[in-house]
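Engineer: Provided herewith is a single structure, encoded as structure tokens, for subsequent inquiry.
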Amino acid sequence: MELKEMNRKLKNHPEPKKNATGMVENVMEQFNTAADHINLNPNIRKILAVTNNELIIHFPAKRDNGDVEIFTGYRVQHNNALGPYKGGLRYHDTVDIDAARALAMWMTWKTSLAGLPYGGAKGGIKINPKLYTQSELERITRRFTYALGENIGPEHDIPAPDVNTNAQTMAWIADTYMSTKSPSERSTYQHVVTGKPVGSGGLEGRDRATGYGVFLCIKLWMEEKNIDITGKRFIVQGFGNVGYWAALFMEKAGAVMVGVQDAFASIYTSTGIDVETLYGHIKANEGSVQNYPEANQIDKDDFFGLDCDIIIPAALGNQITQDNAPSIKAILIAEGANGPTNVEGEKILLNRGVAIIPDILCNSGGVITSYFEWLQNRNGELWKLEEVMEKLETKLGASFHNVLRAAEERNIDMRTAAYIIAIERIEKAYVQRGIFP
Ligand code: GLU
């Protein structure tokens with residue numbers, strides 16, 4: 001019996017549902033579509049179709065009452081042809097090996113498309129963090145970091161925040177990792193994670209970067225189509241770091257937020273929801289939009305069909321599917337989340353003329369600024385907010401136009417175009433280097 005199988009049986013872990021999220025099939029289908037288009041070298045196709053390394057860790061952590069609980073953490077490293085593995089850690093009930101695999105693959109395409117010297121990885125812990133106190137989360141995070149050991153590292157695999165993890169989580173990881181090093185070299189390891197708090201090696205603007213990138217992609221798309229963003233109505237699924245910042249930048253540009261959905265409720269009002277007021281309500285209301293007095297609560301299944309121009313899915317994967325795609329009225333979907341649209345849903349939308357700015361482009365502002373943070377730490381620099389935002393805009397803007405041009409030239413959708421650019425860059429590296437031995 002394989003060790004991980006044995007561990008699961010011994011600890012009586014339920015067998016994870018095979019492809020419960022369906023995200024692996026989605027990312028593979030997207031990859032194969034693009035690979036077919038460019039007749040990808042069959043050997044490189046074989047390499048990219050599988051992940052390099054997969055780690056499943058069962059580790060103990062103490063609850064506040066002294067009880068010990070066993071948690072399961074994952075880190076999947078998909079590919080590092082272009083540089084160290086890079087990608088977030090998420091804390092969520094849906095985290096399993098398949099989710100980590102799919103998300104790691106998306107990171108490989110994302111970093112390659114953005115022209116960064118990184119590969120792709122993803123991981124996290126299967127946990128509902130809402131059920132744990134801050135001190136419990138600290139112990140869980142530190143123990144997971146310790147268990148990951150040298151499987152992460154500033155020049156090897158660099159985690160970052162993702163769903164339900166934040167700058168504080170990254171500070172704990174950095175501190176734990178650095179504590180295992182000798183005192184004289186400790187401080188040279190802070191770029192083992194990005195997305196740290198400003199003041200602990202973190203980068204000014206990293207917090208808003210993903211949301212800003214989502215907004216920027218929407219703005220550039222609108223400019224390209226000669227559509228004025230003022231007065232355009234948008235809805236947001238997920239009001240975490242990505243959803244909140246994207247909404248704020250959209251509002252500043254004159255667009256109107258008419259609906260928001262989170263794990264607990266969906267709200268709508270045609271007259272518009274003030275972003276900061278809603279944010280205040282969420283903070284005071286155990287993190288939920290539920291019972292927001294200035295909007296109506298609606299059925300969750302009616303959300304994506306709301307009357308609006310732009311949809312920003314900024315929560316989890318597989319949200320826009322064959323079940324709700326036919327009812328969508330928006331003209332544009334800007335994927336703040338990873339994998340929010342499944343393959344069947346996308347087909348329906350493209351047939352209906354709905355445009356999709358794909359995740360690996362649309363939410364790449366996060367990892368682009370992670371790269372800036374990594375450079376800042378490596379070079380012993382402190383970058384200013386204006387500098388960060390300007391560089392982000394240049395890099396993401398270039399990426400956006402590359403994708404749009406490729407889509408037009410080849411007469412294909414933006415996702416396939418983005419994949420082609422990403423895959424070709426990796427293909428080139430393999431062709432130049434060859435396969436060892
Ligand atoms: N978790 C984010 C993503 O999915 C950021 C990853 C990173 O900065 O490494 O892109």
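Engineer: Quick test for you: out of 171, 160, 167, 147, pick the one residue that is surrounded by fewer than 18 Cβ atoms within 10 Å (Cβ to Cβ) and of a type in the set (A, V, I, L, M, F, W, C).
Structural biologist: 147
Engineer: Next up: Looking at (1) more than 15 Å from the ligand (Cβ to nearest atom); (2) among the small types (Gly, Ala, Ser); (3) within 16 Å of the chain's Cα centre (by Cα), find the lone condition where residue 149 falls short.
Structural biologist: Looking at each condition in turn, residue 149 falls short on (3).
Engineer: Still on this structure, please answer the following. Tell me, which helices (runs of 4 or more DSSP H) lie completely within the range 339-379 with 2 or more residues that are surrounded by fewer than 20 Cβ atoms within 10 Å (Cβ to Cβ)? Write out each step before concluding.
Structural biologist: Details: elements: 343-351, 359-362, 365-378.
Of the helices (runs of 4 or more DSSP H) lying wholly inside the range 339-379, those with at least 2 residues that are surrounded by fewer than 20 Cβ atoms within 10 Å (Cβ to Cβ) span 343-351, 365-378.
Engineer: Considering the range 337-361 alone, what residues qualify as being more than 10 Å from the ligand (Cβ to nearest atom) and either aliphatic (A, V, I, L, M) or in contact with a Cys (Cβ under 7 Å, 6 or more places away or on another chain) (or both)?
Structural biologist: 343, 348, 349, 350, 354, 355, 356, 357, 361
Engineer: Can you confirm whether the range 401-424 contains a residue that is within 13 Å of the ligand (Cβ to nearest atom), under 17 Å from the mean Cα position of the chain (by Cα) and at pLDDT 95 or above?
Structural biologist: no
Engineer: Suppose we filter 247, 209 for residues that are closer than 30 Å to residue 175 by Cβ and surrounded by 20 or more Cβ atoms within 10 Å (Cβ to Cβ); which single one remains? Quick ask: steps written out before the conclusion?
Structural biologist: On the way: 247 fails: closer than 30 Å to residue 175 by Cβ.
Residue meeting the stated conditions: 209.
Engineer: Within the set of pairs 6 or more residues apart or between chains, which connect a residue that is among the acidic types (Asp, Glu) inside the range 159-172 to a residue that is modelled with pLDDT of 95 or more with Cβ atoms less than 7 Å apart?
Structural biologist: Cβ pairs passing all conditions: 162/88; 162/89; 162/90; 162/124.
Engineer: Something else about it: Pairs needed: first member in the range 242-270, on the phi > 0 side of the Ramachandran plot; second member anywhere, of a type in the set (S, T, N, Q); C-beta distance under 6 Å; at least 6 residues apart or different chains.
Structural biologist: From residues that are on the phi > 0 side of the Ramachandran plot, the pairs are 254/230.
Engineer: Does the range 124-137 contain at least one residue that is within 12 Å of the ligand (Cβ to nearest atom) and touching a strand residue (DSSP E or B) at 6+ places or on another chain (Cβ under 6 Å)?
Structural biologist: Initial filter on the range 124-137 (within 12 Å of the ligand (Cβ to nearest atom)): 124.
Those left that are additionally touching a strand residue (DSSP E or B) at 6+ places or on another chain (Cβ under 6 Å): 124.
Yes, the range 124-137 has at least one match.
Engineer: Quick one: is residue 391 within 14 Å of the ligand (Cβ to nearest atom), in a helix (DSSP H, G or I) and at pLDDT 95 or above?
Structural biologist: The answer is no for residue 391.
Engineer: Within the range 323-330, is even one residue more than 16 Å from the ligand (Cβ to nearest atom), among the aliphatic types (A, V, I, L, M) and part of a loop (DSSP other than H, G, I, E, B)?
Structural biologist: yes
Engineer: Here's a follow-up. For residue 169, are the conditions met, namely being within 19 Å of residue 84 (Cβ to Cβ), in contact with a Phe, Trp or Tyr (Cβ under 9 Å, 6 or more places away or on another chain) and either at pLDDT 95 or above or assigned to a loop (DSSP other than H, G, I, E, B) (or both)?
Structural biologist: Values: within 19 Å of residue 84 (Cβ to Cβ): no; in contact with a Phe, Trp or Tyr (Cβ under 9 Å, 6 or more places away or on another chain): yes; either at pLDDT 95 or above or assigned to a loop (DSSP other than H, G, I, E, B) (or both): yes.
Against the criterion (within 19 Å of residue 84 (Cβ to Cβ), in contact with a Phe, Trp or Tyr (Cβ under 9 Å, 6 or more places away or on another chain) and either at pLDDT 95 or above or assigned to a loop (DSSP other than H, G, I, E, B) (or both)), residue 169 does not qualify.
Engineer: If I ask for residues that are farther than 14 Å from residue 156 by Cβ and either outside any loop (DSSP other than H, G, I, E, B) or within 13 Å of the ligand (Cβ to nearest atom) (or both), which ones from the range 64-75 would you list?
Structural biologist: Answer for the range 64-75, where residues must be farther than 14 Å from residue 156 by Cβ and either outside any loop (DSSP other than H, G, I, E, B) or within 13 Å of the ligand (Cβ to nearest atom) (or both): 68, 69, 70, 71, 72, 73, 74.
The values are calculated or read from the model by the stated rules, or taken from the named source; none is laboratory data. Predicted model only: the values in this text are computed from it and were never measured. Positions of Cβ are generated from backbone atoms using ideal geometry, with glycine treated the same way; all protein chains shown enter the neighbour counts.
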